[in-house]
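First comes the structure, then the notes that go with it.
Values in this text are rule-based calculations from the coordinates and carry no lab data. Source: prediction; values computed, not measured. Here the Cβ positions follow ideal geometry from the backbone for every residue, glycine too, while neighbour counts run over all protein chains shown.
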Amino acid sequence: MPLVHQAMILTKDGLLLLDYKFLGGAGVLNKSDPDLVSGLLSAILSVSKETSGGVVETIQQDRYKVVVSEGEFVYVLLFIDEESRELELVAKRIAKRFEKQFADHLDDFITDVDVFKTFADDLEEIISRTFEVDAEILSKIIPAVTPIKNVLIFEKPMNHQVYAGPRDSFVSEHEHAFQEMAVSVIETQEKFSEKTLQFPKRSVFVYNTRVAILEDLGSHVLMIIGDSESQLLNTIKKIRKKADI
């Protein structure tokens with residue numbers, strides 16, 4: 001399991017708003033000035049954006065990798081010990097929550113960064129819950145889906161991926177895109193349910209030539225990808241029956 005050692009949140013101009021070292025993770029920048037490092041990383045991100053038209057998603061920093069997410073006002077940097085697509089989604093989630101929580105502070109000239117220190121609790125919550133797994137429910141679902149290709153399972157409320165079974169070459173190649181679409185759809189459904197008190201049980205969409213179905217299972221959301229909607233619905237029916245859910 002990848003370990004998050006440190007998180008930095010900085011403005012697009014390179015101002016360090018929050019530097020947080022996680023418990024259980026070695027501080028990556030213990031011997032370095034965080035402000036200097038954040039300024040250097042901000043410069044790298046700016047150059048990459050100018051030369052390639054977009055911000056790089058991963059930077060190699062000594063023996064660590066830095067996962068990068070760009071928000072409207074800030075960059076979120078997660079220092080990790082191994083590559084993790086899941087943590088790329090987590091970095092985006094952190095950026096969204098941070099900008100929502102401090103919306104009144106980010107569009108003005110920032111003179112005091114101490115106000116952002118309270119977000120450390122949010123970082124701990126997001127990272128710890130990302131790797132929580134409801135073993136009891138998964139023990140029912142996973143045996144039912146193990147023989148089936150192109151199945152992903154996400155666990156609410158953090159919407160992190162907890163299972164990926166065997167995949168064909170197309171799904172393997174586009175797995176990151178499917179993950180992002182799944183999380184985006186689940187988050188949209190959650191916002192809808194907050195207003196209507198109803199959570200859509202099923203969503204169907206097409207990516208390239210493939211059909212993908214998101215099936216709400218209560219505490220989890222199952223994603224299955226294939227060629228035919230009717231075949232996928234029949235497979236979901238069998239999964240529910242076998243898992244008794």
**Item:** Ranking of Met8, Met158 by count of other Cβ atoms within 10 Å, fewest first
**Value:** Met158, Met8
**Fill in**
When Leu3, Leu18 are arranged by how many other beta-carbons sit within 10 Å of their Cβ, fewest first, they go Leu3, Leu18
**Request:** Give the Cα extents of region 135-243 along the principal axes, in whole Å, largest first.
**Result:** 38, 32, 24
**Request:** Identify all lysines with a Cα-Cα distance to Lys117 below 22 Å; exclude those on the same chain that are fewer than 8 residues away in sequence.
**Result:** Lys12, Lys21, Lys31, Lys92, Lys96, Lys100
**Prompt:** What number, in percent, do you get for the relative contact order of region 91-245 if the mean sequence gap of Cα pairs under 8 Å and at least 6 apart is divided by its residue count?
**Reply:** 18
**Selection of trypsin sites (Lys or Arg not before Pro), region 99-176, meeting DSSP coil and at most 15 other Cβ within 10 Å** = Lys149
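Got a sec? How would Asp81, Asp227, Asp19 order by Cβ neighbour count within 10 Å, fewest to most? Numbers along the way, then the final one.
Working: Asp81 16, Asp227 9, Asp19 20.
Exposure proxy ranking, most exposed first: Asp227, Asp81, Asp19.
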**Prompt:** Fully extended, how many nm does the chain gain between Asn234 and Arg85 (0.36 nm per residue separation, minus their Cα-Cα distance)?
**Reply:** 50.7 nm
**Item:** region 220-245 residues near the modelled Glu173 label - backbone nitrogen below 20 Å, point 7 Å along Cα→Cβ
**Value:** 224-228
**Prompt:** What is the distance in Å between the Cα centres of region 127-143 and region 200-226?
**Reply:** 19
